Amino acid sequence: MSKVDESTESKTPSRDELALEGIGTDYKYGFRDEEDYVFKSGRGLTKEIVTKISQMKKEPQWMLDFRLKAFDIFMKKPMPTWGNCDLLNDIDFQNIFYYIKPSIKGEKNWEDVPDNIKNTFDRLGIPEAERKFLAGVTAQYESEVVYHSIREDLEQQGVIFLDMDSGLREHEEIVRKHFATVIPAADNKFAALNSAVWSGGSFIWVPEGVKVEIPLQAYFRINAENMGQFERTLIIAEPGSFVHYIEGCTAPVYSSDSLHSAVVELIAKPGAHIRYTTIQNWSRNVYNLVTKRAVAHANAKVEWVDGNLGSKLTMKYPAIYLMGEKAHGEVLSIAFAGEDQHQDAGAKIIHGAPDTTSMIVSKSISKNGGRTSYRGLIKVYPDAKNVKSSVKCDALLLDEKSRSDTYPTMEVDEKEVSIEHEATVSKVGEEQLFYLMSRGLSQDEATAMIVNGFFEPFTKELPLEYAVELNRLIQLEMEGSVG
Amino acid sequence: MSEQAKGPQVSTLAKDQVGGLFATQEPQWLKERRLSAWESYLQAPMPTVKNEDWRSTTVNKLDLGKLYPVKALTKQEAKIQSAKLEASLEKIGEAAAVYMEDYATSTFHIAASKEIAEKKITVLPLAQALAAETTAKDLEKLAALIDAKRGVVQDKFTLMNTALSASGLYVHIPKNTTVTAPVVMALNLPAGAADKAVESSENLAVFPKVIVHVEANSTLKFVSLTTASEASSETAALVNAVVEFHVEAGARVEVAEVTNLTPGTFFVNRVRAYLGRDAQIDFTTAGLGGGQVKSDLETVLEDRGAQAAVKGIVLGAGKEHYAYNTIADHKAPDTTSNIVFRVALKDSSTSIYQGNVVVDKVAQRTDAYQSNKNLLLSRAAKADSIPKLEILADDVKCSHGATVSPVDRDQLFYLMSRGLTRSQSEELIVTGFFQQVLDLIPISGVKDLLAELAASRIEDKM
Amino acid sequence: MTASNSNSKRILEIIDLHVKVEDKEILKGVNLTINAGEVHAIMGRNGSGKSTLSYTVMGHPRYKVTGGQMLYKGQEISEMSPDERCKLGISLAFQYPVAISGVSVSNFLRKITNSKRGKEIPVKEFRQELKAAMAKLGVKDEFLSRYVNDGFSGGEKKRLEILQLSLLKPSLAVLDETDSGLDIDALKTVSEGVNALASDETAILLITHYQRMLDYVQPDFVHVFQDGKIVTSGGKELALELESRGYDWVTGEPASEPAKV
């Protein structure tokens, strides 16, 4: 058969076919489980809670010291004075549960996971996804990782994929050498908070030259109301290695807010390549204030693929420090803000070495009074010659209630560079809508098609199942949205 | 400059002295405004680099204790003394009126063509305008109008100007009137010794205030030159200007302002243009010299169909620092703004360009474009660019672009292969870089003047 | 079909249609009746209102019907949205189709076909149908993975328009300047595609400036448009007359430019 078959079946259409099946009408992850915990800290944060977390985890002294120091920094550091201060100042740090331990320990067999939690992740499709296409999975429920697996062949090649707590227990030396070297506790208030109370997250170490061809995945779930989830992820790619890590996030719908404040550190050693994909779909009462930063050494490549659909307020600016010659960084992100949502997302690239290159593509959609902001920084240090960087931001506004901001900053301290920034803000074109409707699509369908097309540069970078899920989510968001 | 022309130092100025700096015939409303601004000024913090708006422009080097605000100039001179200015005016060509304040000689000069009187146009030193009944009334009305508007930045510098301004110009064009030749305002300052930097400057602080009122369906060309004369023992440490354009329905204003100061001067310039229905402004600014230049150019598109075109060229040299901030404030539907800003930096000069396009909820069908290109000509030069968009309406066409790069190698190679030296080639490329902006300037004399000023700076030991 | 049944043969009936665009009246009383099995051609100068008629029939929101009637198979359609009209059986081949970036042609075609037919066509079945239609129009396979009209040449756009119509199978196909921008070979293929849309049950309304497409798609009726109205009608010989004598011959206006051949 000719190429027609390939392109109609294996490319975009099949994604859309899947995406259009079984569309619901609600936030489908909004269900909640009955609470059944081994330990739940009281509300609010004290030195005692920090110490207790560390003791329960039987951590080495240096980690406890690190936590306590971070706690002091957190208490002293003021809230950020930029961004959406109104929403930020609504956070009541004393009303949050900082540590909730759901089950005894991370299981390797799915059958051993407690039934209630297993049911939750079954409903979220986690083990199914693993069977289909993943090389390893971590599932975190509240503060602890409840399930974890990795393919045997990878384990044999020496790839370490553990939850962060186990990582610390089993590979203390590697952790100690790299932990908090990319994001120190004093970086910002939320990084300090995470450093004090972190629990769970992923620890990945890929030995020199090993290429993990299929993605490793983590899934983060908040269940309890007013829960604070503070996972900590550290990925170290030794020279010449490759790893693709994917995380997904959901939470139930509650009337009062929860806080998700992760710290993610990536270290790509010379010639290594890390791709980090996030699909964040928190419910609309979650503050998602995350610090993500990567260091790329010579010839290394780091990519953040970042999808922000849910949450009440997201503030997230994945950063890449290009510290070695010819390192390359990319941030590809989308944001979708609906009613009462503010997606304040962006990217930060620091060019600290010659011949480094970077690219940022940001696509955002605001709808129904939602607000999206792109906040970005491109910084070029002196002597970082032959730097090339291009930034492209496109925003689509779906109605007159919504808002879009673009706050890019370029700081250039070196002459031999080429820095480009471009941004557009527009609405869905009347001519496009008419064209599609003249082909029989309803206004909703036509708008969804245009929106999916708008996000396509992002979607095509996702593994198939994620692309399908994303299209489905967008379809959901678009239903009944245009009148 | 004689001691009488100076007031007490800014930092030691007492409240009861603020009013006393000025002519006794000032209207009561203005006296009150000065006093209340002075009180707010004392409370207001000095902006720091942490202030988003003042990012990378340091003001802590400015010692208020060493500044003496100038008093109104009273001595009129029939001829322009500065040869440099004379030459600039010649380039601009025929003028409808010329007003000049010369702080090197403590004199002012004013001359108007027949056209001005025939068409009932007013071009008056601000102090005189405040002393005359009709003009003072118009100024009071305009001041009240601005008070009613939200969003005017009332920071330490604006307040300082309101309280202490003793110089400036008032221009009024009645409706349905076309002024063919430009009205030219020139501010000549003592240059000081060439090696003086901002922090070591003493003496003068000048607070010009320029108010231009163009009534419905009229047109005006306005040129403003801020320069330093050739040699003088004194330095104007601070020029803190506030400039207002009130452009009523259907009126059109073409403005060109040229900043050509010496390294000892800190120039703070606040320009706001209020545009009525279908009103237009075509604004060009040129930063071609000054220790630190901090200039905010805001166009407020207040009514349907208003259009603003803002163009800028900056050529930095030595240790100069330029901070230009363009704001296009779309407050009404069907408004258009087009901003083109080009910066070239030599030596260890630095620039920060901030551009903000704000589109109000009601400003549907806004068409806004913003472009900032930076050319780095030296390794020690530094360019920052922050082009922002804040869009609250959905039916809009807004875009911006910004680039930072060195001189294009292929262009350089091409020119050198034709026998030009490297520096000749670079000069040619920079000239071309600016020419694309200069081509858009509607006032032809200004085009020539800027081309010449830019050329001499480009050639200057590149 | 019997004469008593003639109403059921009526596809489009336009009665004294007035249309405004942004307060300017463009159509000033158009009357036109199209029956099943007929091919109508509308000719006229640029700016005479021909394209306005096509947009109005399809329901572009900027074109406001201010008077008259527009009946499709006896049903008033003036208030209907474009997708409703499409589902009833009206399709427009655009003169200037817009690009929808990020949306692949294959995805788009499947979606509109399913939507028009009101059911999910099995992938295999659809693929066969699509392949056949593409072969007829000389559309290359690589077309399918490109984005809709994004970076298409003029000829490619026109082919895609006709390809869509051949999948939508309209009862009334309106073709707006489909011949413009096509070389002679492309014109032949596209015309064959148009002819394939014709049957006893369907009708075609062809809007064109030049006569050349009418060599391939034979019209039963030719109407001349001038200043927002049909000023004269006739058989296909009228098109040839126009070609040799220019529009002034019909409209009686002095020639503002020499007639083009």
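The values are calculated or read from the model by the stated rules, or taken from the named source; none is laboratory data. All values reported here derive from a predicted model rather than from experimental measurement. No Cβ is skipped: glycine too gets one built from the backbone with ideal geometry, and neighbour counts run over all protein chains shown.
Here is how the numbers come out for the structure above:
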{"quantity": "Which listed residue, of C:Ser145, C:Ser91, is farther than 17 Å from C:Thr178 by Cα, within 9 Å of chain A (Cβ to nearest Cβ) and not acidic (Asp, Glu)", "calculated": "C:Ser145"}
{"quantity": "Cross-chain or 6+ apart pairs with Cβ under 6 Å, segment A:272-285 first and modelled with pLDDT of 95 or more, then of a type in the set (Gly, Ala, Ser)", "calculated": "A:Ala272/A:Ala237; A:Ala272/A:Ser241; A:Ala272/A:Ala300; A:Ile274/A:Ala237; A:Ile274/A:Ala268"}
{"quantity": "Helices (runs of 4 or more DSSP H) within segment B:110-183 that include 3 or more residues among the aliphatic types (A, V, I, L, M)", "calculated": "B:126-131, B:133-148, B:156-164"}
{"quantity": "Helices (runs of 4 or more DSSP H) wholly inside segment C:79-162 containing at least 2 residues that are farther than 30 Å from C:Gln69 by Cβ", "calculated": "C:105-117, C:123-137"}
{"quantity": "Residues satisfying the stated conditions in segment B:358-385, i.e. surrounded by fewer than 24 Cβ atoms within 10 Å (Cβ to Cβ), in a strand (DSSP E or B) and either more than 23 Å from the chain's Cα centre (by Cα) or facing another protein chain (nearest Cβ under 7 Å) (or both)", "calculated": "B:Asp367, B:Asp384"}
{"quantity": "Subset of segment B:80-109 that is part of a strand (DSSP E or B) and among the β-branched types (Val, Ile, Thr) - its residue that is nearest to B:Leu238 (Cα to Cα)", "calculated": "B:Thr107"}
{"quantity": "Filter result (assigned to a loop (DSSP other than H, G, I, E, B) and touching a residue at least 60 places away in the same chain (Cβ under 8 Å)) within segment B:59-79", "calculated": "B:Val59, B:Lys61, B:Leu62, B:Asp63, B:Lys71, B:Ala72, B:Leu73"}
{"quantity": "Of residues in segment B:271-287 being hydrophobic (A, V, I, L, M, F, W, C) and more than 11 Å from the chain's Cα centre (by Cα), the one surrounded by the most Cβ atoms within 10 Å (Cβ to Cβ)", "calculated": "B:Leu275"}
{"quantity": "Which listed residue is basic (Lys, Arg), within 13 Å of chain A (Cβ to nearest Cβ) and under 30 Å from B:Ser88 (Cα atoms), from B:Lys346, B:Lys388, B:Lys397, B:Lys447", "calculated": "B:Lys346"}
{"quantity": "Filter pass, C:Gly29 being more than 15 Å from the chain's Cα centre (by Cα), among the small types (Gly, Ala, Ser), under 21 Å from C:Thr208 (Cα atoms) and assigned to a strand (DSSP E or B)", "calculated": "yes"}
{"quantity": "Filter result (basic (Lys, Arg), within 9 Å of chain A (Cβ to nearest Cβ) and surrounded by fewer than 18 Cβ atoms within 10 Å (Cβ to Cβ)) within segment C:51-88", "calculated": "C:Arg62"}
{"quantity": "Test: C:Lys136 is at positive phi and more than 9 Å from every other protein chain (Cβ to nearest Cβ)", "calculated": "no"}
{"quantity": "Members of segment B:288-305 that are free of Cβ contacts under 8 Å to residues at least 40 places away in the same chain, of a type in the set (Gly, Ala, Ser) and buried (at least 24 other Cβ atoms within 10 Å of the Cβ)", "calculated": "B:Gly290"}
{"quantity": "Helices (runs of 4 or more DSSP H) (entirely within segment A:154-232) containing at least 3 residues that are under 19 Å from the mean Cα position of the chain (by Cα)", "calculated": "A:189-197"}
{"quantity": "Residue that is surrounded by the most Cβ atoms within 10 Å (Cβ to Cβ) [pool: residues in segment B:307-324 that are of a type in the set (Val, Ile, Thr) and within 16 Å of B:Leu261 (Cβ to Cβ)]", "calculated": "B:Val314"}
{"quantity": "Hits in segment A:436-476 (condition: in contact with an Asp or Glu (Cβ under 7 Å, 6 or more places away or on another chain), among the polar types (S, T, N, Q) and buried (at least 20 other Cβ atoms within 10 Å of the Cβ))", "calculated": "A:Asn471"}
{"quantity": "Test: residue in segment C:120-131 that is buried (at least 17 other Cβ atoms within 10 Å of the Cβ) and more than 9 Å from chain A (Cβ to nearest Cβ)", "calculated": "no"}
{"quantity": "Boolean, B:Asp408 is free of Cβ contacts under 8 Å to residues at least 60 places away in the same chain, away from every other protein chain (no Cβ under 14 Å) and surrounded by fewer than 15 Cβ atoms within 10 Å (Cβ to Cβ)", "calculated": "no"}
{"quantity": "Any hit, segment B:429-448, residues being free of Cβ contacts under 8 Å to residues at least 12 places away in the same chain, within 25 Å of B:Ala95 (Cα to Cα) and part of a helix (DSSP H, G or I)", "calculated": "yes"}
{"quantity": "Neighbours by Cβ (under 6 Å, 6+ apart or cross-chain): first from segment A:153-173, assigned by TED's automatic domain parsing to the domain that holds A:Gly201; second among the β-branched types (Val, Ile, Thr) and part of a helix (DSSP H, G or I)", "calculated": "A:Gly167/A:Val175; A:Leu168/A:Val175"}
{"quantity": "Single residue of segment B:243-270 satisfying the filter (among the charged types (D, E, K, R) and surrounded by fewer than 23 Cβ atoms within 10 Å (Cβ to Cβ)) that is nearest to B:Ile327 (Cα to Cα)", "calculated": "B:Arg270"}
{"quantity": "Evaluation of A:Met79 against (1) in contact with a Lys or Arg (Cβ under 9 Å, 6 or more places away or on another chain); (2) modelled with pLDDT of 90 or more (one fails), failing number", "calculated": "(2)"}
{"quantity": "Some residue of segment C:176-194 being touching a helix residue (DSSP H, G or I) at 6+ places or on another chain (Cβ under 7 Å) and within 13 Å of another protein chain (Cβ to nearest Cβ)", "calculated": "yes"}
{"quantity": "Near pairs, Cβ below 7 angstrom, 6+ apart or cross-chain, from segment B:129-146 (charged (D, E, K, R)) to any residue that is buried (at least 18 other Cβ atoms within 10 Å of the Cβ) and at pLDDT 95 or above", "calculated": "B:Asp138/B:His172; B:Asp138/B:His213"}
{"quantity": "Residues located in segment B:268-297, provided they are assigned to a loop (DSSP other than H, G, I, E, B), in contact with a helix residue (DSSP H, G or I) (Cβ under 7 Å, 6 or more places away or on another chain) and not hydrophobic (A, V, I, L, M, F, W, C)", "calculated": "B:Gly291"}
{"quantity": "The listed residue being among the hydroxyl-bearing types (Ser, Thr, Tyr) and either buried (at least 22 other Cβ atoms within 10 Å of the Cβ) or touching an Asp or Glu at 6+ places or on another chain (Cβ under 9 Å) (or both), out of C:Thr208, C:Thr189, C:Thr232", "calculated": "C:Thr208"}
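Yes or no, residue by residue, for (1) part of a strand (DSSP E or B); (2) farther than 16 Å from A:Val451 by Cα; (3) at the interface with another protein chain (Cβ under 9 Å from one of its Cβ atoms); (4) modelled with pLDDT under 95:
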residue: A:Ile365; (1), (2), (3), (4): yes, no, no, yes
residue: A:Gly369; (1), (2), (3), (4): no, yes, no, yes
residue: A:Ser390; (1), (2), (3), (4): yes, yes, no, yes
residue: A:Cys393; (1), (2), (3), (4): yes, no, yes, yes
residue: A:Asp399; (1), (2), (3), (4): no, no, yes, yes
residue: A:Thr406; (1), (2), (3), (4): yes, yes, yes, yes
